[in-house]
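In what follows, a structure is listed as structure tokens, so that the remarks can point back to it.
The values are calculated or read from the model by the stated rules, or taken from the named source; none is laboratory data. Not measured: the values here are computed from a predicted model. When we count neighbours, we look across all protein chains shown, and the Cβ atoms used for this are built from the backbone with ideal geometry, even at glycine.
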Amino acid sequence: MAVMYKSTRSALEPVTASQAILKGLSPDGGLFVPTEIPSLPASLEDLAPLSYRELAYEIMKLYLSDFTEEELKHCINSAYDSKFDDERIAPMKEADGIHYLELFHGATIAFKDMALSILPHLMTTSAAKNDIHNEIVILTATSGDTGKAAMAGFADVPGTKIIVFYPKDGVSNIQEKQMVTQRGDNTYVVAIKGNFDDAQNRVKALFSDKALEQELAAAGIQFSSANSINIGRLVPQIVYYVYAYTTLVREGKIKAGDEINVTVPTGNFGNILAAYYAKGMGLPIKTLVCASNENKVLYDFFADGVYDRRRDFILTTSPSMDILISSNLERLIYQIGGCDPDRNKAFMTALVNDGVYTIGDDMKVGLKDFVGGFASEAENFAGIKALYEKTGYVIDTHTGVANAVARAYREKTGDMTPMVIASTASPFKFGRAVMGAVAPEKVVDDDFALIDALSATAGVKEPFAITDIRTAPVRHNTVVDKDEMEAAVRKILGI
Ligand SMILES: *Cc1c(COP(=O)(O)O)cnc(C)c1O
């Protein structure tokens, strides 16, 4: 049976994959989930020799069941090309007995590139399939990373424009340089005088403005969002877990059929949910280790089944994991609650109204595949330093959280099943914190001097994404007040 997409919050008719990608969120506020988790398309032996692109096609065609072979291959080939600086797309490194799946070889040197490099193509293909000829305008508020990765993905994709708002004083120097130098005639970057919440709230208001929607439609334009709950971001992420497994088989580290464990540094729960789906397809993953930083809502949830966001938000050196509401967890809650939309909706309503919910005892058995762990800042830094001193391999602070948690898990349980860590960012992206952990005496004020020091310490050439921003011309210099965002959008779109 072909996979369709149903909502986690009501019993609406399922929609096709292309419709789910275009809509992003279900009209009832729920997330789209596949009507079934398909089985792996072939034996692990037969999948083992496939290249990343070949494997991506075999896996994604099962989920994107209304895409033709030609359409899907076009999307895959447009995404996983020379934008990646390693032809394996997601190479693996072994260091001190653990396998690091490097998901940071794309344009913005973090794992969001794995999905955001293909999402634009999935979206424009979905629009064409559904006879939608409007120009698709992506609107995003960003605190740094997602906006840049989305722009890199959408740059010069025909039929699209992307407008990114960021808080003028709320991003790092390197992040700001990355944004204002963005290429592509269809990319627009606007700094606002305000904070991230101001930007986010006004973008949400623009999305829900019905009068504006009609005005846009008359001009042949529609808004869309690139956020992480879109199944067009989730499905591409399943691929690399299968690829990690087949890489271990090709390298002779495991035999087809052997079990592995996976540790994922988690924020919004999208990346680890993709691993859970891969396991559901029959990939021999024994345990999914969910690694949190000091914002350990998920650790507490896996311990006692209580999801409680009522706590202080802690700023850490792994900012992409500083999250108190992990939106993609809803898909797991829905599934372990027996795919009952009313039951799931009650939990989500409680989370909004009370800031907390407790799952039923019958649901806890559904969590048996997961183990939660968390690392303090000190444990994270100590782990990064120890790995470097033992092997010379330098990892970033998000990967560092997973590294500390995975090693503590092994120590505590004695479970020495081959371990894969999803390595989510290049150390160059978080160079200041990484150098602080590895060689604090070499930390300097100047960002690029710091990168030179990191490059020398790690024995790794800086990635092109960094070299590029050293000299790339500034292409975007619009700064507006937070209350002028709508005007800025109108000006850009000529309405
Ligand atoms: C987004 C992000 C994460 C968290 O991934 P989720 O899918 O949100 O759980 C971890 N590390 C880095 C570097 C990220 O950018």
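Note on the range 393-449: among residues that are surrounded by fewer than 17 Cβ atoms within 10 Å (Cβ to Cβ) and among the basic types (K, R), the one that is farthest from T246 (Cα to Cα) is K442.
Taking the range 25-72 as the range and being without any contact (Cβ under 8 Å) to a residue 24 or more places away in the chain, closer than 16 Å to K279 by Cα and either surrounded by 19 or more Cβ atoms within 10 Å (Cβ to Cβ) or touching a Ser or Thr at 6+ places or on another chain (Cβ under 8 Å) (or both) as the test, no residue passes. Restricting attention to the range 290-324, the residues that are assigned to a loop (DSSP other than H, G, I, E, B) and away from the ligand (no atom under 11 Å from the Cβ) total 14. Listed by first and then second residue, the pairs linking a residue in the range 428-442 that is within 16 Å of the ligand (Cβ to nearest atom) to a residue that is of a type in the set (K, R) and assigned to a helix (DSSP H, G or I), with Cβ atoms under 8 Å apart and 6 or more places separating them unless they lie on different chains, are A437/K385.
Restricting E294, E259 to those that are in contact with a Lys or Arg (Cβ under 7 Å, 6 or more places away or on another chain) and acidic (D, E) reduces the list to E259. Within the range 389-401, residues that are among the aliphatic types (A, V, I, L, M) sit with their Cβ atoms under 7 Å from residues that are within 10 Å of the ligand (Cβ to nearest atom), at 6+ positions apart or across chains, in these pairs: I395/S423; V401/P265; V401/A291; V401/N293; V401/S318; V401/M321.
For the range 456-495, filtered to residues that are more than 30 Å from A211 (Cβ to Cβ) and without any contact (Cβ under 8 Å) to a residue 24 or more places away in the chain, the residue that is surrounded by the fewest Cβ atoms within 10 Å (Cβ to Cβ) is T471. The set of residues from the range 93-106 being in a strand (DSSP E or B), touching a helix residue (DSSP H, G or I) at 6+ places or on another chain (Cβ under 6 Å) and surrounded by fewer than 19 Cβ atoms within 10 Å (Cβ to Cβ) comprises just one member, A95. A Cβ distance below 9 Å, combined with a sequence gap of six or more or placement on separate chains, defines the contacts here; from the range 257-283, residues that are within 18 Å of M416 (Cα to Cα) and near the ligand (Cβ under 8 Å from one of its atoms) reach residues that are in a loop (DSSP other than H, G, I, E, B) and β-branched (V, I, T) in the pairs V264/T424.
This table checks each residue for (1) within 16 Å of the ligand (Cβ to nearest atom); (2) modelled with pLDDT of 95 or more; (3) under 22 Å from L315 (Cα atoms).
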{"residue": "P158", "(1), (2), (3)": "no, no, no"}
{"residue": "V189", "(1), (2), (3)": "no, yes, no"}
{"residue": "F196", "(1), (2), (3)": "yes, no, yes"}
{"residue": "A199", "(1), (2), (3)": "no, no, yes"}
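Filtered by the rule that a residue be more than 19 Å from the chain's Cα centre (by Cα) and closer than 22 Å to I37 by Cα, the range 72-109 gives L72, K73. Of all residue pairs spaced 6 or more apart or on separate chains, those with beta-carbon atoms under 6 Å, a first member in the range 108-137 that is at positive phi and a second member that is part of a loop (DSSP other than H, G, I, E, B) and not β-branched (V, I, T) are I109/S426; I109/P463. So the check is Cβ under 8 Å with 6+ separation or different chains; which pairs have a first residue in the range 144-156 that's farther than 15 Å from N230 by Cβ and in contact (Cβ under 8 Å) with a residue 60 or more places away in the chain and a second one that's among the hydrophobic types (A, V, I, L, M, F, W, C) and assigned to a helix (DSSP H, G or I)? Listed by first residue and then by second, the contacts come to A152/L116. Summed over the range 160-187, the residues that are hydroxyl-bearing (S, T, Y) and either away from the ligand (no atom under 16 Å from the Cβ) or assigned to a helix (DSSP H, G or I) (or both) give a count of 3. Of all residues in the range 93-121, those satisfying the criterion of being under 18 Å from H74 (Cα atoms) and either charged (D, E, K, R) or away from the ligand (no atom under 13 Å from the Cβ) (or both) are D113, S117, I118, L119, P120, H121.
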